[in-house]
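A short reminder: the numbers here are calculations on the coordinates, not readings from a lab. No experiment lies behind these values; they were computed from the predicted model shown. Neighbour counts run over all protein chains shown; Cβ positions are idealised from the backbone, glycine included.
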């Protein structure tokens, strides 16, 4: 179920949004960013556990996460699911259906979440006088493809400890880009969700978190994580599989 909330015109503007430096306007001239203010005409609030969209839904908009977090997943006819991504504030979700015009995954809120709605028809219209907008959309699609390739690499060639180390590094880098601490953060996803995403059992994920803590790589308190030795995590990921 989707909950729509009224949004004041000023608070919806891309040019004064606190997430403006990591969302659609990245790298765009300031005068063009101001013209994007007509892009966001509504926001949607999605309660924890509810879907923003589902597999097979028509793709008519992209969504910029303003608050909260979401996960994307694939489901089969037996109800089994595979998590394909986690999304944080300032990131764009909904790019999965750009080719076919239908969403190929389902997006679920991991906590109460607000998203800005960017209609595709508005992107097409505004692109006529904001030439760099189409470039920004292509950039976002490229990042999404690169993320998918990274996941496939992790699942196909990395040992379990390398998968988790790579995941923690990725979270660190993304949070840093959002302006948050790259070493102190709260994991919005549970260990079962991390395991599903990485192709690991919840027991393996829990064991590896404990191992990393014993080895002084991280400190963990429930979902609070402090990375103590980021360089060592990088070394672990780069270590050849023997």
Cα-based Rg and Dmax for the stretch 158-238, in Å, come out at 11.6, 32
With R₀ set to 22 angstrom, the calculated FRET efficiency between the beta-carbons of residue 76 and residue 51, to the nearest 0.05, is 0.85
Inter-part gap, Cα centre of the stretch 34-107 to Cα centre of the stretch 174-242, in whole angstrom, is 25
